[in-house]
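Visitor: Please see the structure below; I have some questions.
We did not get these values from a lab; they are worked out from the coordinates using the rules stated. Because the structure is predicted, anything quoted here is derived from the model rather than measured. FYI the Cβ positions are ideal-geometry reconstructions off the backbone, even for glycines, and counts take in every protein chain you see.
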Amino acid sequence: MKCIWEISVEKTIPNRRKKRFPRGFTLIELLVVIAIIAVLMAILMPALNRAREQGKRAACLNNLRQLTLGWILYADDNDDKIIYARVQSRTAWVLWQGFGVSEEERMEDVRSGMLYRYCPDVKLYKCPTGIRGEVVTYAIVDAMNGFDWVREGVTLPKGVYIKLRSEIRQPSRRIVFIDEGRLSPDSWTIYYDRAQWWDGTPARHGDGTNFSFADGHSEYWKWKDPRTVARSKGKSTATVQPDNPDLHAVQRACWGKLGYEPSN
C-alpha cells in the first residue's frame with residue numbers, strides 16, 4: 001500500500017514535464033532585428049539632423065532680430081546715429097581684445113559694448129552652432145558705420161556708407177548683421193566697385209548664412225553658385241567671381257547698389 005507522500009510525488013512529476021518554457025530569440029532572429037534597427041537609424045538620422053539644424057537656424061534668426069531691434073533703439077536714443085561697427089573701438093557695439101583672451105573676458109567685452117544696454121543677454125550674441133569658447137558669432141557690415149572708407153580716401157556715393165539711420169533707403173533690403181561664425185577684429189565687408197569678395201564667405205546652417213536687415217527682420221540665404229559654396233568651405237580661395245548671383249545679392253544688400261556694371 002502506497003503512502004500518501006508517494007502518491008503525491010507520482011502526480012507531481014508528470015505535471016512538471018508537461019510545463020512549457022517560453023522560447024528565446026535565435027541568433028539569426030536577433031541579427032535580423034539589429035539589422036532592421038540599423039536601417040531605420042540610417043533613414044531617420046539625416047532627417048533628425050536636419051530638424052535639429054533647422055531649430056538652430058530659427059534660434060539664430062531670432063538672435064539677429066533681437067540684436068537689430070536693439071540696434072534700432074540705440075539710434076532712436078542717440079539722435080539717429082547708428083552704433084559703431086568696428087569692434088576695436090571702445091564705442092563699438094561689442095569690444096574685441098584679440099583671439100587670445102578667455103571666454104569670461106569675451107563675455108565682459110560684450111557687456112562693455114554699446115549694444116548691451118538694449119540686448120542684455122550674452123546668449124543673444126552667439127549662434128547655437130558656434131564653437132565652444134566663442135561668445136560672439138555675428139558681425140555688422142562695413143556699410144553700417146563700420147570701416148570708414150571715406151576717411152581712407154575712397155569715394156563712395158551718398159547713401160552707400162551709413163552713419164544715420166534716416167539715411168537708409170529701403171531698410172528692408174539693407175543688411176545690418178551677418179552670421180559670420182566668429183568675431184573678427186573689424187566689421188564684415190565686401191567690395192563695392194568690383195565683382196569680388198573681401199572677407200570670408202560664411203557657410204552657416206548649411207550652404208548659406210543668416211542676415212538681419214535695417215527694418216528689423218532677418219532671413220536665411222542659401223548660396224546658389226557653386227563657387228560661393230566652394231569658397232565658404234575652404235575648397236577655393238578665388239575672390240574674384242564675375243557673374244556670381246550670390247556676390248551681387250550680398251553687395252546690393254550691403255551697399256544698397258552695385259558700384260559697377262555686371263556683365264550679366
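Visitor: Near Lys163, which aspartates and glutamates are there with a Cα under 19 Å away, not counting those fewer than 8 places off in the same chain?
Guide: Qualifying aspartates and glutamates at Cα under 19 Å: Asp76, Asp77, Asp79, Asp80, Asp142, Asp148, Glu152, Asp186, Asp215.
Visitor: Another question, if that's okay. If each of Lys81 and Arg173 carries a label point 7 Å out from its Cα toward its Cβ, how far apart are those two points in nm?
Guide: Rounded to a tenth, the inter-label distance reads 3.0 nm.
Visitor: Applying the Karplus parametrisation 6.51 cos²θ - 1.76 cosθ + 1.60 with θ = phi - 60° to the phi angles of the range 69-75, what ³J(HN,Hα) value in whole Hz is obtained for each residue in order, glycine and proline being reported as x?
Guide: Each residue's phi maps through the Karplus curve to give 5, x, 4, 5, 5, 4, 5 Hz.
Visitor: In addition: What does the charge count near Pro226 come to, summing +1 for each Lys or Arg and -1 for each Asp or Glu among other residues with Cβ under 11 Å from its Cβ?
Guide: Net charge around Pro226: +2.
Visitor: Continuing with the same structure: If you take the Cα atoms of the range 128-227, find Rg, then find the Kirkwood Rh from the mean of 1/r over all pairs, what is Rg/Rh?
Guide: 0.96
Visitor: Okay, moving on. I need Lys126, Lys56, Lys222 ordered by Cβ neighbour count within 10 Å, fewest first.
Guide: The fewest-first ordering by Cβ neighbours comes to Lys222, Lys56, Lys126.
Visitor: Going down the table (Lys81/Lys235; Lys126/Lys235; Lys81/Lys233; Lys123/Lys158; Lys158/Lys235), which pairs top 32 Å between alpha carbons?
Guide: Correct reply: Lys81/Lys235; Lys81/Lys233; Lys123/Lys158; Lys158/Lys235.
Visitor: Only sites in a loop by DSSP and with at most 14 other Cβ atoms within 10 Å count here; which chymotrypsin sites (Phe, Trp or Tyr not before Pro) in the range 88-179 make the cut?
Guide: Sparse-neighbourhood loop chymotrypsin sites (Phe, Trp or Tyr not before Pro): Phe99.
Visitor: Give the aspartates and glutamates reachable from Lys56 as a straight Cα distance under 14 Å; neighbours fewer than 8 places away on the same chain don't count.
Guide: Asp179, Glu219
Visitor: Return the sequence-ordered ³J(HN,Hα) values of the range 30-37 in whole Hz as given by the Karplus equation 6.51 cos²θ - 1.76 cosθ + 1.60 applied to θ = phi - 60°, using x for Gly and Pro.
Guide: 5, 5, 5, 4, 4, 5, 5, 4
Visitor: Given the peptides 206-217, 67-78, arrange them by the average over their residues of other C-beta atoms within 10 Å, most packed first.
Guide: Descending mean neighbour count gives 206-217, 67-78.
Visitor: Please arrange Val250, Val229 by counting, for each residue, the other beta carbons lying within 10 Å of its beta carbon, fewest first.
Guide: Ascending Cβ contact count within 10 Å gives the list Val229, Val250.
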